[in-house]
Amino acid sequence: MALTSTPASKIANSTRQQILQRADQCVMCGLCIPQCPTYRIGRQENESPRGRIALARGLASGELQPTPTLLGHLDHCLGCMSCENACPSEVDYAGLLLATRELQRDIQPLSWARRLLLGVLARRSRLNLALRLGRIPGALAILRSRIGQAFFKRAGIAALARELPPLPTPRTWPEIVSPAFQSRGRVGLFLGCVASAFDQDTHAASITLLTALGYDVIMPGAQGCCGALARHAGLTNDDSATRQAFLDTGVDTVLVSASGCFGSLRDSVFADGKVRVREIHEFIASDSELDRLRFKALPQIAALHTPCTQVNVARGQHAIAAMLARIPALRVMPLPSEPRCCGAAGSYFLEQPQIAGPLRDEKLQQTLALVPDLLLTSNIGCRIYLGNGLRQQGETLPVRHPLSLLAQQLDV
């Protein structure tokens, strides 16, 4: 994956105009403000969607100078899209945010450390190499030392040493897994970048459930990142390899188990509609053959966290609830909607820990108050960040993907 900034001339002639056009959609009614996690913390207009739209308009028009304070307010946006979901004027806040981040990168380029981090996270070969290096005895101790923490703070990713999760062993998947009986069709399974390493049990569960339903599961080895991490940072991303990898297989449907990847795949990688991107819970829940599967009873309490991207972009939350209801004796306890973000937001928790931390703390308080046996969430970033927070508090509560639990309870 190549990470690049857009040339300044294009910024001036195109991106600024996009920002102004989208900002003009906003009637400044303020109905978005109660939905905003960062406003919930700071109670400042500049930390609300309406305030950020005004700042972006001023920055794009040249009426406002790109001061560190102004750019900071824009950087603090989590990109959760709860505001867009609540907007009666249907403001394209997602498009405005991406264009504003692109403009910010022209004004204030990312540090080399943040670019390096994004380059590693978004490319499986580099991420797997980093995981192997991290498993060298003493490597993590150096990263977590005072020297390591001081280095990461200076590089603008202050929380990296503290938020490193347990490092998995990289795994290679076969390009196709077939059911034990006659196939009903072929579907692609998107593995992602970070998820390819840290969500391996979810991918194994996806394969188990899909083959049980009679599908050939296609996982082309050349697939890469969806591009969300780069776009949210204001960089462009070459996603042609991922697109071509699935086109070459001939599948017409690609399933996504990480809700944070769904929008980028649907709206960018496969925007021309030649391949349909579907949320995996919605796909499985709508399959008529699902009634044929049986699940073993599990007399436990599962706290269910619904990521922002699941609600506001992928919209598969009802399918998740319906599928979990198929497990006899399982009691599913949804977490309260507020705060509307756990603070993970891609790489946000590494860059803005002063905002991400309080949001996570509140989510964890809500979780532990339910006294659950496990915590479920359908996005890899949320899973890592919430799991880290639990471990830092000395809690041993497992954090799993809903599909992982369903595959575990599948009665074969």
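Per-structure values
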item: Test: residue in the range 105-128 that is farther than 20 Å from residue 236 by Cβ, outside the structural domain of residue 76 (by TED's automatic domain parsing), surrounded by 12 or more Cβ atoms within 10 Å (Cβ to Cβ) and at pLDDT below 85; result: no
item: Among (1) out of contact with any Ser or Thr (no Cβ under 6 Å at 6 or more places or on another chain); (2) on the phi < 0 side of the Ramachandran plot, the one test that residue 273 misses; result: (2)
item: Residue tally, condition assigned to a helix (DSSP H, G or I) and farther than 21 Å from residue 243 by Cα, over the range 168-206; result: 6
item: Selected residue (only one of 65, 25 is in a loop (DSSP other than H, G, I, E, B) and touching a Ser or Thr at 6+ places or on another chain (Cβ under 7 Å)); result: 25
item: Subset of the range 198-253 (residues that are without any contact (Cβ under 8 Å) to a residue 40 or more places away in the chain, in contact with a helix residue (DSSP H, G or I) (Cβ under 7 Å, 6 or more places away or on another chain) and of a type in the set (A, V, I, L, M, F, W, C)); result: 222
item: Qualifying residue in the range 243-259 (condition: in a loop (DSSP other than H, G, I, E, B), within 21 Å of the chain's Cα centre (by Cα) and among the charged types (D, E, K, R)); result: no
item: Failed item in (1) touching a residue at least 24 places away in the same chain (Cβ under 8 Å); (2) farther than 22 Å from residue 213 by Cα, with residue 297 passing the rest; result: (2)
item: Some residue of the range 289-305 being closer than 27 Å to residue 231 by Cα and of a type outside the set (Lys, Arg); result: yes
item: Yes/no for residue 352 being over 18 Å from the mean Cα position of the chain (by Cα) and outside the structural domain of residue 195 (by TED's automatic domain parsing); result: no
item: Residue check for residue 201: charged (D, E, K, R) and surrounded by 15 or more Cβ atoms within 10 Å (Cβ to Cβ); result: yes
item: Sole exception among (1) surrounded by 21 or more Cβ atoms within 10 Å (Cβ to Cβ); (2) in a helix (DSSP H, G or I); (3) in contact with a strand residue (DSSP E or B) (Cβ under 9 Å, 6 or more places away or on another chain) for residue 211, by number; result: (1)
item: Residue within the range 57-71 that is of a type in the set (Gly, Ala, Ser) and either under 24 Å from the mean Cα position of the chain (by Cα) or closer than 21 Å to residue 357 by Cβ (or both) present; result: no
item: The range 390-412, residues that are among the β-branched types (Val, Ile, Thr) and in a loop (DSSP other than H, G, I, E, B); result: 396, 412
item: Count of residues meeting criterion [of a type in the set (Val, Ile, Thr) and surrounded by 21 or more Cβ atoms within 10 Å (Cβ to Cβ)] in the range 250-274; result: 3
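Here's the yes/no breakdown for (1) surrounded by fewer than 16 Cβ atoms within 10 Å (Cβ to Cβ); (2) over 16 Å from residue 193 (Cα atoms); (3) outside the structural domain of residue 381 (by TED's automatic domain parsing); (4) modelled with pLDDT of 90 or more:
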position	(1), (2), (3), (4)
79	no, yes, yes, yes
95	no, yes, yes, yes
102	no, yes, yes, yes
136	yes, yes, yes, no
171	yes, no, yes, no
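The values are calculated or read from the model by the stated rules, or taken from the named source; none is laboratory data. Here the structure is a predicted model, which is why all the values come from computation and not from measurement. Please note: Cβ atoms are built from the backbone with ideal geometry, for glycine as well, and neighbour counts cover all protein chains shown.
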